[in-house]
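Written below as structure tokens is the structure these notes are about.
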Amino acid sequence: MKLTLLSTALVFLILGGCSKATLEIPDTDPRLDPASDIEGVLKALQLPSDFYDEEAPAPSDTSDNRNWYIVGNQDTSFVYEGVPVTLKFTGKGAPNTYQVRQLYLEMPPTTGHWLIKQSGSNSITFSIPSLVRAGYLNMLVSAKLVKFVGGVAADSFYTQKIKQVVRLLEPEGCSFTLQGKNKQGLIYRKINLGDKPGTLKVRFLSMDSSTSNKTSDRFDLKYNATYILSSSNTKPPAAYLPSCSGLAAGAQRRQGWKEYSYQYDPVQGTKAELFIQSNCSDTTKGTSWQFEIDCPQ
């Protein structure tokens, strides 16, 4: 079939010339994105404090050797929607006569901050609502140190701003692996076990390279308000609250892999909670662990 010059031009235009057309799929998630909707995410945080549409106070001059600062107990915190997260801080360098009286929470590059008044706790507790999607919240925190004389504020000092990262998580799928080493504190994950009944299998590896063999790693898996699997020798009661306030009682002492199983029925629910106490005592070095879970089969 012969093509005229006009028909050839029409085909060329319809096909978009020589370049390939790119089909862009629009983002249909209506929730706030921590990577792009920073101002919205900052204002959406739920905490009993005051928000100001202005920058937090600038750090004080340290040329007089008052190089006082705060440090966070951990650089990155992990949290789920609606679950409170607490950022804890410790003051360094300042004399005991100065106390942390205010903390400032920002999310650059947006302007605005939360002002959190303190009474000795040196912490910020807040929740992230459901209108925020999973992602990383990159924050800056600074403090106001105040010296009181006779109950009256006699002097104040503003610290440098330090980075704090909060990662908002979504529930894990029913098959994944976690691993860690040395002291990591309490690790928490929500799990979606799915709607297929069957045998749920978990494998846990706990190793201690020292000769003391005092591995203090422990996992507990909670489902339907009951602990169904645990590396402890005794089943934890429903009221048990995993923490990291010392040697994990019932921590797995057995070197190497150990397998656990549970007959899962989604009629009872599909969500589970995983707690891993990673060498909370910090009494041994060279400890390592790995947790593996497979979907029910």
Filter the range 179-207 for residues that are charged (D, E, K, R), more than 21 Å from ARG133 (Cα to Cα) and in contact with a strand residue (DSSP E or B) (Cβ under 9 Å, 6 or more places away or on another chain); which is surrounded by the most Cβ atoms within 10 Å (Cβ to Cβ)?
-> LYS201
Would you check which residues across the range 112-126 are without any contact (Cβ under 8 Å) to a residue 60 or more places away in the chain and either more than 20 Å from the chain's Cα centre (by Cα) or farther than 18 Å from PRO84 by Cα (or both) and list them?
-> GLN118, SER119, GLY120, SER121
Does any residue of the range 96-104 turn out to be assigned to a loop (DSSP other than H, G, I, E, B) and crowded, with 17+ Cβ neighbours inside 10 Å?
-> no
Any chance ASP27 is assigned to a loop (DSSP other than H, G, I, E, B), exposed (fewer than 13 other Cβ atoms within 10 Å of the Cβ) and modelled with pLDDT of 90 or more | no
Candidate set from the range 41-95 (those that are in a loop (DSSP other than H, G, I, E, B) and charged (D, E, K, R)); member that is surrounded by the most Cβ atoms within 10 Å (Cβ to Cβ) | GLU81
Can THR125 be described as over 19 Å from LEU42 (Cβ atoms) and in a strand (DSSP E or B)?
-> no
Conditions (1) surrounded by fewer than 18 Cβ atoms within 10 Å (Cβ to Cβ); (2) over 24 Å from the mean Cα position of the chain (by Cα); number of the one not met by PHE176 = (2)
Checklist (1) closer than 30 Å to TYR188 by Cβ; (2) in contact with a Phe, Trp or Tyr (Cβ under 6 Å, 6 or more places away or on another chain); (3) at pLDDT 95 or above applied to LYS92, failing item = (3)
When residues of the range 46-66 are filtered for being among the acidic types (Asp, Glu) and either under 13 Å from LEU105 (Cβ atoms) or touching a residue at least 12 places away in the same chain (Cβ under 8 Å) (or both), how many remain?
-> 4
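Quick grid of which residues meet (1) in a loop (DSSP other than H, G, I, E, B); (2) modelled with pLDDT of 70 or more; (3) basic (Lys, Arg); (4) loosely packed, with under 13 Cβ neighbours inside 10 Å:
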| residue | (1), (2), (3), (4) |
| --- | --- |
| ASN233 | yes, yes, no, yes |
| ALA238 | yes, yes, no, yes |
| ALA248 | yes, no, no, no |
| ALA251 | yes, no, no, no |
| LYS258 | no, yes, yes, no |
| GLN263 | no, yes, no, yes |
| SER281 | yes, no, no, no |
| SER288 | no, yes, no, no |
Considering every residue within the range 123-142, establish whether at least one is at pLDDT 90 or above, closer than 25 Å to ILE70 by Cα, surrounded by fewer than 17 Cβ atoms within 10 Å (Cβ to Cβ) and among the aliphatic types (A, V, I, L, M).
-> yes
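The values are calculated or read from the model by the stated rules, or taken from the named source; none is laboratory data. Worth saying up front: this structure is predicted, and the values here are computed from it rather than measured. All Cβ positions, glycine included, derive from the backbone under ideal geometry; neighbour counts span all protein chains shown.
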